[in-house]
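Heads up: the structure comes next, in structure tokens.
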Amino acid sequence: MEFLNSWVLPIILFWPAVAALLIFITNDERMIKWGSILASLLPLGLSIYLLAAYDQGVGGMQFVVDIPWIEPLNASFALGADGLSVPLIFLTTLLSTLSIYYSAGTIRYRVKEYFLMFQLLELSMLGVFMALDYVLFYVFWEISLVPMYLLIGIWGGKNRGYASIKFFIYTLVGSVAMLLAILGTYYATGTFNILDAAAAKPFMNLPADQALLLSSLAFWGFFLGFAFKVPSFPFHTWLPDAHTEAPTAGSVILAGVLLKLGAYGFLRIILPTFPSTSAYWSMWIVALGAIAIVYGAFVCIAQTDLKRLIAYSSVSHMGYVMLGIGAAASAMGRNPDGTSMLNDPAVFDSAAMAINGALLQMFMHGIITGALFLLVGVIYERAHTRALDKFGGLGTLTPYYYGFFLVAGFASLGLPGLAGFWAEFFTFRGAFALVPLWAAFGVIGIVMTAVYILWRIMQSLFFGEYDSTKLDHWTTVTGEHADGPTDMVAFEKLTLWPLIIGMFVLGFFPMLVLNYFNSFSVGMLESIRTLF
Amino acid sequence: MVSQTWYLALAAFVFSCGLYAALTRRNAIAVLIGIELMLNAVNINLVTFWRYGSMAPMEQLSGQVFSLFVIAIAGAEAAVGLALIISVYRTRHTVNLDELDMLKG
Amino acid sequence: METTLDLSTLNLAVVLPELTLIVFAILVMAADVFATPKNPAPRQWTPWIALAGVVAAAIVNLSVSGREVTLFQGAAILDKFAVGLNYIILLATGLGILLSVKYIPRINKQVGEYYALTLLTATGMMMMGAALDLITLFLALEIFSLALYILSGLNRTSPRSTEAAIKYFLLGAFSSAFFAYGGALIYAGTGTTQYYGIAQVTAAGLANTPLLYAGIALLVAGFGFKVSLVPFHSWTPDVYQGAPTPVTAFMSVGTKAAAFAAFFRVMLVALPFSYGAWSMPLALLAVITMAVGNFAALQQRSLKRMLAYSSIAHAGYILTALAGGAAEGADAALFYLFTYAFMNIGAFAVVMALEEMGAEDAMQDRAKGLGKTHPIMAFLMAIFMFGLSGMPPLAGFYGKVLLFEAAVAGGMIWLAIAAVAFTAVGAVYYLRVIANMYFADPVDESADEVNRSLPLDVGLAIAVAGTILVGVFPGFWMNAFQQSMALFGG
């Protein structure tokens, strides 16, 4: 156990690299597919072990590995996991396994490269969640661009070239801004270690106006890097294109995990490292979040393409995350008398609630939207179109599909008893206490979510009479001709069951992940409270 | 005795002539002549600075040595340059720079 | 006046790397002489003799490293910086020779001369880094430039190659005149041509400022031409496109490395006390160079021209570190050029393989569908493109980090921001090549052949291994190039 505890993170991290190497030297497609699935089970198993082995009583960073790496740069190979990253590591491995399994049934050309890219993608995402060193963090952050770029560009839809390069350039613009902020932070603190830099509170020893200027520059550098990834309004325009063109499993990972990298950056780097600056600019984060919630929801209603609709719903849902983060940040400043605002227990609780809500939303959105994109893939494999007006009346013909979509849809709109509810509940509970006006504005988005889920999706797809003249080229999932819509087959069901079960389980027992998140958010807020 | 100013003025004049030729003439050989003039102006300068310059003692021969090297290099440049001009003439039957326009994009 | 030549100061042992190359250049020419139409064997040995020379020089270089010696009464120096530059030049030369083995005999039968000239070019380039006197610098500059003029016109029957050579020559000679004039003015302003002497005079405030500044301006123009800074860059795309591709590959790295090394040394060792005068002009030059290089590269249809403009952009990145004025800038530039050697020569090697028989160039269309027809070539090109665009964990990334760090260390934060923004622009055209290779279908199925050969494959393997390994384990090389330059008074 001792050995496993000290090396579990590198094993999880580099196992996909080993798998990628094995795929590289294998030529048999069946073997590549099954090998990938089997290989992805090890990180999944170990991440479940992480969940179990993480000691919530102790909290903080555990399983830490710290090896000197680039000595001239003072960069080290530092990994660690805490209450923030452990559930996200689990989410990453879970969605990776499911996506690989689903892809094994649907990817038909350039199989080897596809699964190679997927392993690299998993590696990079896990790396971001584990890295405790800025250089390492940035390296993994950037690596995650490449496989996703190729996944969209090679296996994507008609407009894939445009979508992939847009995805790449937008995120790159953000990340180079982040690189400058990293360099600035390094100059202020003399360390690339994320935790040490956060503890050192860069620029705070300078005169007040200079401190504000420099830390604001660093703040906005990081902000751009993460906001492009989240994506926060108005940096979201790459997302609908990328999602629409990406292959199904790519969309699942993109929405399920890659967007979380941005929100993770806010909580791992921006808030702990620049608390007062975050408080200073918090209304911007809050406003962008609230606008994203409402704007995303309204745009959803206008969509005619099912996948694009889900993509915009991601913009809306990631707005909750931004709202929660911004609300918490607004509580990190000082009272007029110079004491920390967090000294007030009510404020502290609300801030913790807001962060917990944001984190829950990240986790739940990963599961729910992952499921929704898989469901879009299911129908697209059969109808070869995603135009909402081509469907209707599927409810009676494909009951299994209907049922799954119903659960995922209701979870997405926040029905109590399903996973999405708790995330929205905590976010708004925290936000209403801290930023009431923007929170009230955001509520419009909740209403609109119900509208587009029920009216646009459910009504267009499932209600009414099936009209066979609308669409006359149905196939089965394997590509053979079919006379009409066919219901889900075994591998599709198997992919979706874990997610559906997860929605119910977390709907009733949110504490399963909330405990981890809470240990992180309370710990972080406590360290900020004692700062002044 | 001729003062330093006159030498420097001569050098500047020769350099300007060379520069003018290098920039305006379209014949490759004329351009080469212009460049050689510029290098010779440099030589006049170097020797003048060595002889009259207030900064360095005359026992240090840097200025002279420098100008010797410039002379040698100017010779080498002329040799290489004329060879290249000949090879261009063989393939294109012109040494007019305006007509050498295959490379662009 | 009696002058004696003190032979003890002629510490010849420390120019051994250069001397080794010269010896091997002579061996190459000698071997070439013994080749007859009946017995062409000695001529076929020439590439391997040249390669042996490069390896031998690298070994000699290793044996002289770790010392810091000035020689020829302060005309040249062998410090960590010079040794580091030697490695870069030798790497570029070695890769260039590997690329040439099969290519050069197709365009010119006089291969012996080619390899001799290549080695002599490398000698001049290495002296650029060692020069500690404007006279030495001028000599080194001309040694490698004259050889390169000939090399770029090597394909004597090709109108493009000869045109490239004459353009390169005329503009190069023109810039040499500026360079010499600048040297003369600095001599006039300070009374010496030695770097340490210039620093001493300027530090004491004894220099004739107008003459000195005019000299600096002309010197910068001369360097600007060699490293292709905007507005002295107009030759670069033409010469890169017209010259034989192995020569382009070699010179794109070699010239840049040598000229930048000398540029850094002149500015940081001889003229640090005029920093206030040259930092801002250089920063502005860097910005317009990055802007023009990156935006022009976006519009190129020819792969070689695209790489030419990208090399202009890279010159701008390196210049940001110099404009910062910090000594770390020199280390950063060396490390960057070291990584650049792998990536850029690798990219040119792929382009060379894509060229159709007898053509000097390959168009962007040629890359289309390469991911399907030649997956390995496409993979290599993708690595080089990602590397050049500065994507971690490939080598180019850490180079850029160090460069921009040096700019920030020098207080030029705005310059670092600009450079980083242009990096993002640059990613567009590198990615376009990747998109063409993987997302598009082949345009012309008949032009399917790629010209591969064993030496080329070895060169590609070295280039890709360097791009990846230096990227994953950059620490060793950063150390090797750290605190490299022997500064004045330091």
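If R0 is 41 Å, the Cβ-Cβ spacing of B:S3 and A:S216 corresponds to a FRET efficiency of close to 0.10.
Once the Cα atoms are used to define both axes, helix A:2-25 deviates from the longest principal axis of chain A by about 40 degrees.
Compute the angle between helix C:328-354 and the longest alpha-carbon principal axis of chain C, please, reported from 0 to 90 degrees and rounded to the nearest 10. Helix C:328-354 sits at roughly 20 degrees to that axis. In a reduced charge model with +1 at each Lys and Arg Cβ and -1 at each Asp and Glu Cβ, the protein assembly as shown shows a dipole moment near 1280 debye about its Cα centre. Sites listed here are trypsin sites (Lys or Arg not before Pro) in region C:91-149 whose DSSP assignment is loop and whose Cβ has at most 14 other Cβ atoms within 10 Å: C:K109.
Averaged over residues, the count of other Cβ atoms within 10 Å places the peptides C:174-180, B:42-48, A:72-78, C:344-350 in the sequence C:344-350, C:174-180, B:42-48, A:72-78, highest first.
Of the chymotrypsin sites (Phe, Trp or Tyr not before Pro) found in region C:9-83, those that fall in a DSSP loop while having at most 13 other beta-carbon atoms within 10 Å are C:F34. The ranking of B:L10, C:L460 by Cβ neighbour count inside 10 Å, starting from the fewest, reads B:L10, C:L460.
The HN-Hα couplings worked out from phi for region C:203-211 by the Karplus form 6.51 cos²θ - 1.76 cosθ + 1.60 (θ = phi - 60°) are 4, 7, x, 8, 6, 7, 4, x, 4 Hz, whole numbers, x standing for Gly and Pro.
For the residues of B:81-92, the average number of beta carbons from a partner chain within 10 Å of their own beta carbon is 6.
When each of the peptides A:20-32, A:328-340, C:85-97, A:143-155 is scored by how many other beta carbons lie within 10 Å of its residues on average, the order from highest to lowest is C:85-97, A:143-155, A:328-340, A:20-32. Would you give the gap between the C-alpha center of region B:47-105 and the C-alpha center of region A:502-532, rounded to a whole Å? If we compute the Cα centre of each part, the gap is 74 Å.
Amide H to amide H distances under 5 Å link B:Q60 with no residue, where only residues 5 or more positions off or on other chains count and H is placed in the peptide plane. Taking every alpha-carbon pair under 8 Å whose residues sit at least 6 apart, region A:1-126 reaches a relative contact order of 37 percent. In straight-distance terms, cross-link reach from C:K109 covers every one of the aspartates and glutamates whose alpha-carbon lies under 18 Å from its own, apart from those fewer than eight places away in the same chain; here that gives C:D32, C:E360.
Legend: mean number of C-beta atoms from other chains within 10 angstrom of residue C-beta atoms, peptide A:161-170, equals 3. From the square roots a ≥ b ≥ c of the eigenvalues of the alpha-carbon gyration tensor of the protein assembly as shown, which class results: rounded (a/c under 1.5), prolate (a/b over b/c), or oblate? Since a/c reaches 1.5 and a/b is larger than b/c, the shape of the protein assembly as shown is classed as prolate.
Relative to the dominant Cα principal axis of chain C, helix C:303-324 is inclined by about 30°. Taking the Cβ of A:Y101 as the centre, find all other residues whose Cβ is under 11 Å away and add up their charges (Lys, Arg: +1; Asp, Glu: -1). For residues surrounding A:Y101, the net value is 0.
Counting Cβ atoms of other protein chains within 10 Å of each residue's Cβ and taking the mean over peptide B:94-101 gives 2. The peptide list C:198-211, A:511-524, put in order of mean Cβ contacts within 10 Å with the highest first, becomes A:511-524, C:198-211.
Per residue, the average separation of C-alpha pairs within less than 8 Å and at least 6 apart gives region B:4-99 a relative contact order of 29 percent. Which distance in Å, rounded to a whole number, links the C-alpha centroids of region C:183-197 and region C:410-475? What the calculation gives is 42 Å, centre to centre. Rounded, prolate or oblate, given the Cα gyration tensor of region A:22-96, with a/c below 1.5 counting as rounded? Note, shape of region A:22-96 comes out oblate.
Overall, the anisotropy analysis places region B:4-99 in the oblate class: the square-rooted eigenvalues a ≥ b ≥ c of its C-alpha gyration tensor yield a/c not less than 1.5, with a/b not exceeding b/c. In whole angstrom, how far apart do the alpha carbon centroids of region A:430-491 and region A:283-336 sit? Comparing the Cα centres of region A:430-491 and region A:283-336, I get a distance of 20 Å.
Only one residue of C:A419, C:M381, C:Y429 has its Cα farthest out toward the positive end of the dipole of region C:274-490, where Lys and Arg carry +1 and Asp and Glu -1 on Cβ, and that residue is C:A419.
Summing +1 for each Lys or Arg and -1 for each Asp or Glu among the other residues whose beta-carbon sits under 12 angstrom from that of C:T236 gives +4.
Quick note: the coordinates plus some simple rules give every number you see, no bench work behind them. Since the model is a prediction, treat every value here as computed from it, not as a measurement. A quick note on method: Cβ atoms are made from the backbone with ideal geometry, for glycine too, and the neighbour counts reach across all protein chains shown.
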